[in-house]
1. Need at least 2 residues that are under 34 Å from the mean Cα position of the chain (by Cα) and of a type in the set (S, T, N, Q) per element, so show me which helices (runs of 4 or more DSSP H) inside region A:249-349 make the cut, counting only ones lying wholly within it.
2. Just the residues that are out of contact with any Lys or Arg (no Cβ under 8 Å at 6 or more places or on another chain) and either farther than 28 Å from residue A:119 by Cα or more than 7 Å from every other protein chain (Cβ to nearest Cβ) (or both), please, taken from region A:81-97.
3. If residue A:76 satisfies every condition in (1) more than 11 Å from chain B (Cβ to nearest Cβ); (2) under 20 Å from residue A:145 (Cα atoms); (3) surrounded by fewer than 20 Cβ atoms within 10 Å (Cβ to Cβ) but one, which is the exception?
4. What number goes with the only condition from (1) surrounded by fewer than 14 Cβ atoms within 10 Å (Cβ to Cβ); (2) modelled with pLDDT of 95 or more; (3) not basic (Lys, Arg) that residue A:36 does not pass?
5. Does residue A:10 satisfy being under 29 Å from residue A:196 (Cα atoms), within 14 Å of chain B (Cβ to nearest Cβ) and not hydroxyl-bearing (Ser, Thr, Tyr)?
6. Determine which single condition residue A:313 fails, assuming it passes every other condition in (1) modelled with pLDDT under 85; (2) within 20 Å of residue A:256 (Cα to Cα); (3) crowded, with 19+ Cβ neighbours inside 10 Å.
7. Which of the following residues is in contact with a Pro (Cβ under 8 Å, 6 or more places away or on another chain) and crowded, with 21+ Cβ neighbours inside 10 Å: A:44, A:17?
8. Does residue B:134 satisfy the criteria of being within 29 Å of residue B:81 (Cα to Cα), without any contact (Cβ under 8 Å) to a residue 12 or more places away in the chain and of a type outside the set (S, T, N, Q)?
Amino acid sequence: MIRFEHVSKRYGDSLVLDDLNLEIATGEFTVLIGPSGCGKTTTLKTINRLIEPDKGKIFIDDQDTSQIDKVKLRRSIGYVIQQIGLFPNMTVEQNISVVPKLLNYDKARCNEIVRELLALVNMPYEEYAHKYPSEMSGGQQQRIGVLRALAASPPIVLMDEPFGALDPMTRRILQDEVSKLQKKLNKTIVFVTHDMDEALNMADKIIFMNKGKIVQMAAPEEMLENPADDLIRSFMGKHSIDNESLPQTAADFMRSDIYSCYRNRGVREAIQQMARRKVDTLLVKNLDETYAGTVSIKNIRNHGKDMKTIEPLITQENAVSYVDEDAQVCFDKLLNGQDSYVVVLNHDQTIAGIVTKTSMAKSLADAVWGDSQ
Amino acid sequence: MTLNMVMSHFYLVAAAVVLTIVIGVPLGILAYFYKSVRKIILWIVEVLQTMPALALLGIIMVFMGAGKPTVIIGLLLYSLLPVVQNTYIGLSEVDPAIKEVAQGMGMTKLYRLWHVEMPIAFPLIFTGVRIATVTSVGTAVFAAFVGGGGLGSLIYRGIRISNMAMILSGTFVLMVMAVGCDGIMSYIEKRLYRRFSPAKPYNE
């Protein structure tokens, strides 16, 4: 367990850490997040004493870290940084063995550790152990960076935006790998990021900081549901779920920019309209604007060439819904039926719009990701 | 000209360069570690370099008398600048992220210097040694004036007896030596840089 008690740090006039109190449980994946300059990296670096606080104490398993020899303390805590920082003069094997060597492990044991760790991330020993960092991609390098931090089995690992410099694909893969490793090896990980996606993806607990103080400390679900203030909400962005705006009825999903024609129109005119709008069916209304049915190009081709108006070709087989019908019922009609759309009617039987699979997907996307514009 | 002359010229240069490394590299490390002495060390080696080589040898001769030690010390003082400076710069320019990680992993200052910073700075330090070697080959000609021997005496004698062939042959051998040293050491240097090229993350 890591415990901060009244920890403060000041650089010149600015208070970077303001009377910080927090506890990180053993085996927990804790993410520190917040706007830049909020003190998250400083918090991280006070744990392995790369930064010494002005006031307050930090305990690891009830031992005051300021009483432990710095060098000894650091060897018992894994450390991963954004710039990776592999030693360019050392091979992968030598890089991973740095801390074990500092702790005077013998050669055979170092080699065993390297083999085990490389196997964990599916990097064959024969292929990678003797490569230099400059011979590998950024993603591979940071994998080694993580393994290097794990080499001497430290119970605690500190990670300072470790995936910040990687492309989104690689970042996602490494996030999953690190999550798996953490579960498997049961490490206490303290992870700094400014990417809420990453935090939600990996954390057991998120600590949101601003101006050197903790704004909220909660599990990801809890933070999503009850963000403590507007700043956190804006960080959540697309993730925040606002139940009230969730679309509920067919009307919320329908397209209303649709074309319909009167039932007494000629067949030729109907064909032209279809061609112009690039559709294969038309909505047909009665002269009093109420819904009459649909007419399809297939029907016209089969029977209608010599007819004057579309009237005899109208069918009423297409699925119909009403504006205030539950959205779920409407979707069921759309997904289970044969039709490519559901006609939505107002209560006076006039046409309100249609729900297509595309409009359904778009509305759902808007609801989940916020306004898609 | 005898092989003896060439060998004695080589000896002067080699002895001076070895001493330059033994003294210059630690001075560079001191300058890197201690801000308080940094300016003084870098200033002294720079001033030494600005003195005319002949004057420097003359001054040393006053204290040490004529002979090879005078020449070697003169060459040493004259060669310190590239070695000290490159050691200092090489160590200072190691990527701060690498220094931070090394510290964060629990390396002591000296362990970090020996296992991380010196290996990374080594190619640049080697460049300094190469420059020192090549300039020393030329500067060692002045050894003739303070009784140090070497190819300088051949050229000096050629000038006194107006023997153009003698002057040219001495000069030619000197040039071959300088170009040869430079070529061999440049080759090693290139391989060093390739081997130690710092890790640059790139996107997959």
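The values are calculated or read from the model by the stated rules, or taken from the named source; none is laboratory data. No experiment lies behind these values; they were computed from the predicted model shown. Every residue, glycine among them, receives a Cβ derived from its backbone with ideal geometry; neighbour counts consider all protein chains shown.
1. Numbers: elements: A:250-253, A:267-277, A:297-303, A:327-336.
It comes to A:327-336.
2. Residues satisfying the conditions are A:82, A:90, A:93, A:94, A:97.
3. (1)
4. (2)
5. So residue A:10 does not fit the description; no.
6. Status for residue A:313: all satisfied but (2).
7. It is A:17.
8. Numbers: within 29 Å of residue B:81 (Cα to Cα): yes; without any contact (Cβ under 8 Å) to a residue 12 or more places away in the chain: no; of a type outside the set (S, T, N, Q): yes.
When the stated conditions are applied, residue B:134 does not pass them.
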